[in-house]
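Report on the following structure.
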Amino acid sequence: MGCGPPVAPPASRPAPAPGPSPRAAAPTNPSHAEETSASVEEVRLRADVTALAVVRPPLSPGHEKVRTHAAQTLRAAGFDVVEQDYGSGTNLIATLAGAQPEAIVVSAHYDHVSGCSGADDNASGVASVLELGRAVAGRRFERSLVLALWDEEEQGLIGSMTWAREAKEGGRDIVFAVSLDSVGYADDRPGTQRMPGGVNLLVPEVARSMEARQMRADFIAVVGDRGTEAFVEAFVRAGEAHELPVEHAVLNPLKKLAFGDAQRSDHASFWFHGYPAVFVTDTANFRYSGYHCSIGQDAPERLNYPFLTAVTRSLVDAVVALAKPR
């Protein structure tokens, strides 16, 4: 997860015209979704995090190792996998073509800062994306699924910004994009969660809920904007089924700009280019001392794998339902 300044759209860019609501366009099919998410395995998630949590700044041997592992996994799941070399870095883009050109993008960044193994940030997000790929192997959908692993998030969202810009310039029809960034750490003791600045003013219902749970760091946060309501609601329902507490918000344009900590990952690249997008996170440094190895290593043994499994199953439920199984 990056820690740079918020990404703001250029003043000269007109607001995008509203498109059809995913809520109306994508009725859910719980039987398909629940059957698919049942294939998510904690042991595989733990193995992936362990394999991915190596020191991996861009252009390092660990960086290439992680990208190779991910590419092999997604090819084995039946995805068409390409590497997007954009000069300073390389994105990994895996596509499962649907009957229609409109696409759902689910992503995580695979780079990390120097000298830190980055288990939560963001081997956990990459592992969740890979497990989603395995879960949908052999299935067919109306909507295309794009599973993307971004490079250079830690340098300012460079990889995702490059791809989102090209998608916009090419007229790519993206229903919504999801960014998973730091999704594997949880602690159910009271007082283990801190509140990001602005939550009380911008999303007071979330602040009240956090306080009611005695500031326990036991939830996953899901923050979207207009056009992502269907995904957020589907994820919340799935979280209830998997006994996963979910704090969620759908931000209007002004709140999206004002809430700087809600812009700290690759979904902001899609917001910048006018696409609906969602941030899924355990809130990183607001609960975890290992963020960027600030206090101790961000190591695989520090993560909560039942929590990561519940997050991934909820993700699979929501994505499968909204991708419209055939």
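Please go through region 252-285 and give me each residue that is surrounded by fewer than 21 Cβ atoms within 10 Å (Cβ to Cβ) and in contact with an Asp or Glu (Cβ under 8 Å, 6 or more places away or on another chain), ordered by number. Across region 252-285, the qualifying residues are 252, 253.
Looking across region 182-227, the residues that are closer than 19 Å to residue 309 by Cα and acidic (Asp, Glu) come down to 187, 188, 218. Give the residue that is farthest from residue 118 (Cα to Cα), with candidates limited to residues of region 135-164 that are over 15 Å from the mean Cα position of the chain (by Cα) and among the aromatic types (Phe, Trp, Tyr). Of everything passing the filter in region 135-164, 141 is farthest from residue 118 (Cα to Cα).
Of all residues in region 56-79, those satisfying the criterion of being crowded, with 17+ Cβ neighbours inside 10 Å, touching a residue at least 24 places away in the same chain (Cβ under 8 Å) and either under 18 Å from residue 111 (Cβ atoms) or not aromatic (Phe, Trp, Tyr) (or both) are 56, 57, 58, 63, 66, 67, 70, 73, 74, 77.
With in contact with a Pro (Cβ under 6 Å, 6 or more places away or on another chain) and buried (at least 20 other Cβ atoms within 10 Å of the Cβ) as the only criterion, which of 175, 203 stands out? Criteria check complete, one pass: 175.
For residue 160, indicate whether it is small (Gly, Ala, Ser), at pLDDT 95 or above, surrounded by 23 or more Cβ atoms within 10 Å (Cβ to Cβ) and closer than 27 Å to residue 36 by Cβ. In short, yes. If you check 129, 183 for being of a type in the set (A, V, I, L, M, F, W, C), crowded, with 24+ Cβ neighbours inside 10 Å, modelled with pLDDT of 95 or more and assigned to a loop (DSSP other than H, G, I, E, B), only one passes: 183. Scanning region 132-144 for residues that are assigned to a strand (DSSP E or B) and either out of contact with any helix residue (DSSP H, G or I) (no Cβ under 6 Å at 6 or more places or on another chain) or within 14 Å of residue 74 (Cβ to Cβ) (or both) yields one hit, 144. Whenever a residue of region 239-261 is among the polar types (S, T, N, Q), its partners that are part of a loop (DSSP other than H, G, I, E, B) and at pLDDT 95 or above, lying with C-beta atoms within less than 7 angstrom and at least six residues away or across chains, give the pairs 252/226.
Only residues that are closer than 24 Å to residue 259 by Cβ, in contact with a Gly (Cβ under 9 Å, 6 or more places away or on another chain) and either in a helix (DSSP H, G or I) or free of Cβ contacts under 8 Å to residues at least 24 places away in the same chain (or both) were counted across region 145-180, and they come to 3. The residue that is farthest from the chain's Cα centre (by Cα), counting only those in region 197-213 that are assigned to a loop (DSSP other than H, G, I, E, B) and at pLDDT 95 or above, is 213. Here 117, 107 are screened, and the one residue that is in a loop (DSSP other than H, G, I, E, B), in contact with a helix residue (DSSP H, G or I) (Cβ under 8 Å, 6 or more places away or on another chain) and not aliphatic (A, V, I, L, M) is 117.
The values are calculated or read from the model by the stated rules, or taken from the named source; none is laboratory data. Only a predicted model underlies this, so the values are computations on that prediction, with no experimental measurement involved. Counting neighbours? That spans all protein chains shown, and the Cβs are built from the backbone with ideal geometry, glycine included.
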